[in-house]
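Notes to accompany the following structure.
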Amino acid sequence: GKHLSKEELQTNASLIARLFCTRGTIGCYLSHRRFWQKTLEEDEMPYQMVLEDDVLVCDEFLTRVHDVLNELEQNNETSGYKWDVLLLGALGCCHPEGKHGWNRIAALMAGGGRTRKRVTRHCHIP
């Protein structure tokens, strides 16, 4: 994000994003967007995952991800791949006890202030 030109920022980020997000945040979004585009073009695997380079995952991480994927497949609203993105964390605003911290401000700017709809035991629509 540090190396984005003014033109690249104007082309790839909304006015609100340019005002309230850091260049790093915008650059991170753009790299995720490139990954999503590549995933759509290649269409080789049923699932792909994007994680930050400094992510720390719990010992049961893969088991938990598989559990959520199974729940999505068994739910009438989401079975048969009726979903396209599964957010694991979503700007820190998915804490089960509501401990969002300062991430809540960034999430509100990104549209995260909506009421969530629970779809399965471990999954909701933000």
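The values are calculated or read from the model by the stated rules, or taken from the named source; none is laboratory data. As the structure is a prediction and not an experimental result, all values here were calculated from the model. Quick reminder, even Gly has a Cβ in these numbers, built from the backbone with ideal geometry, and neighbours come from all protein chains shown. These accessible areas exclude ligands, DNA and RNA; they are computed on the full protein's heavy atoms, side chains included. Shrake-Rupley method; radii C 1.70, N 1.55, O 1.52, S 1.80 Å.
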Next on the checklist: Heavy atoms of the protein only, probe of 1.4 Å, neighbouring chains included. What is the accessible area of T11 in Å², nearest 10?
Outcome noted: 110
Item to check | For region 33-81, accessible area per residue (1.4 Å probe, heavy atoms of protein chains only), Å² | outcome: 87
Checklist outcome for this item: Taking r as the C-beta separation of Y29 and E73 and R0 as 30 Å, the FRET efficiency to the nearest 0.05 is 0.60
Next on the checklist: Could you put W83, W36 in order of accessible surface area, largest first, with the 1.4 Å probe and the full protein assembly present?
Outcome noted: W36, W83
Next on the checklist: How much length would be gained if the chain were fully extended between E41 and S14, taking 0.36 nm per residue of separation minus their Cα-Cα distance, in nm to one decimal?
Outcome noted: 7.2 nm
